[in-house]
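The values are calculated or read from the model by the stated rules, or taken from the named source; none is laboratory data. None of the values given here were measured: they were computed from a predicted structure. A quick note on method: Cβ atoms are made from the backbone with ideal geometry, for glycine too, and the neighbour counts reach across all protein chains shown.
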Amino acid sequence: MKKFVSYRWFLCALRCFVLTALFTWMQAFAQSPTNCLAYKDFTSTAGLALVGSCTNVAGALRVTPAAQDQLGNAWLVNKQFCAAGFDTSFQFQFTEVGSFSGVPPGADGFVFALQNLGTGTSDFLSTLSGATNFSGVFFNTFLNWPGCTDYSQCDVSANSVGVVTNGYYAAQTDLGPLGINLKDGTVHRARILFDGTAVTVWVDELAVLTNVIIFGSLPGVDESGQSWIGFSSHTGWAWENHDILN
Ligand SMILES: [Ca+2]
């Protein structure tokens with residue numbers, strides 16, 4: 001009898017141990033990051049689709065070079081699940097700012113975008129575009145247009161950050177009064193956090209847009225909540241190198 005009780009105790013202890021181990025493993029699995037991608041630089045662009053003028057130069061992703069009328073995009077080839085939220089950071093740098101005579105130097109900036117168009121899309125996914133099926137954060141360096149006060153479509157300055165959906169601003173911030181100059185040639189850092197409802201953007205560790213609700217209809221994601229994500233950039237009569245460093 002004693003032996004039977006011990007055996008049952010042993011089975012109970014074993015079951016308890018297995019369940020505890022399973023629970024611990026499930027907890028660890030639930031807490032482990034998913035969709036976690038990192039490029040420490042762009043010496044290799046494996047996994048990216050480079051469109052138009054986008055190339056890798058000295059370890060950076062040069063979305064457009066400092067030349068007239070360039071258009072470049074870079075997209076992760078594999079769609080990512082974005083609908084429930086994401087948190088991304090990258091460094092960027094604008095150099096060789098220039099323009100034709102009479103045009104303010106430096107343009108047009110770049111967009112971090114979620115899109116449901118494909119990896120070959122060659123639009124500039126910003127307020128300067130007629131494209132649809134995208135949402136993004138636009139790091140803008142050229143004022144379109146002076147005198148315009150419809151800030152759902154026009155830039156607030158030539159040095160601004162805005163949240164854009166299908167060519168319209170949901171919100172934007174003039175960076176000048178915050179002491180940030182996107183075109184000063186230095187390396188800047190961006191962080192974009194989407195919590196499933198609203199987006200917050202930091203530039204150089206400063207929150208410049210907070211809890212902007214943009215993705216109500218999620219135009220940049222498909223029916224399963226996934227998007228192609230990446231960068232879109234453009235130049236015109238003014239230009240600069242648009243480099244993403246990591
Ligand atoms: Ca602009």
- Test Leu128 against the criterion of being surrounded by 15 or more Cβ atoms within 10 Å (Cβ to Cβ), within 21 Å of Ala74 (Cβ to Cβ) and either in the same structural domain as Glu223 (by TED's automatic domain parsing) or within 15 Å of the ligand (Cβ to nearest atom) (or both), and give yes or no. yes
- Task: Please verify whether region 184-199 includes one or more residues that are touching a residue at least 60 places away in the same chain (Cβ under 8 Å), at negative phi and hydroxyl-bearing (Ser, Thr, Tyr).
- Result: yes
- Find the residue count for region 131-142, including only residues that are more than 12 Å from Val161 (Cβ to Cβ) and within 13 Å of the ligand (Cβ to nearest atom). 1
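Let's see how each residue does on (1) farther than 17 Å from His234 by Cα; (2) modelled with pLDDT of 95 or more:
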residue: Gln93; (1), (2): no, yes
residue: Ala107; (1), (2): no, yes
residue: Val137; (1), (2): no, yes
residue: Gly147; (1), (2): yes, yes
residue: Tyr151; (1), (2): yes, yes
residue: Cys154; (1), (2): no, yes
residue: Leu175; (1), (2): yes, yes
residue: His188; (1), (2): yes, yes
residue: Gly196; (1), (2): yes, no
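For residues in region 144-183 being small (Gly, Ala, Ser) and in contact (Cβ under 8 Å) with a residue 40 or more places away in the chain, which is nearest to Ala131 (Cα to Cα)?
Gly167
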- Task: Scan region 68-100 residue by residue and report those that are under 20 Å from Ala131 (Cα atoms), in contact with a strand residue (DSSP E or B) (Cβ under 6 Å, 6 or more places away or on another chain) and surrounded by fewer than 18 Cβ atoms within 10 Å (Cβ to Cβ).
- Result: Leu76, Val77
- Can you tell me which residues in region 93-118 are within 13 Å of the chain's Cα centre (by Cα) and within 16 Å of the ligand (Cβ to nearest atom)? Phe110, Val111, Phe112, Ala113
- Query: Mind checking which residues of region 131-146 are in a loop (DSSP other than H, G, I, E, B), crowded, with 24+ Cβ neighbours inside 10 Å and of a type outside the set (S, T, N, Q)?
  - Reply: Phe142
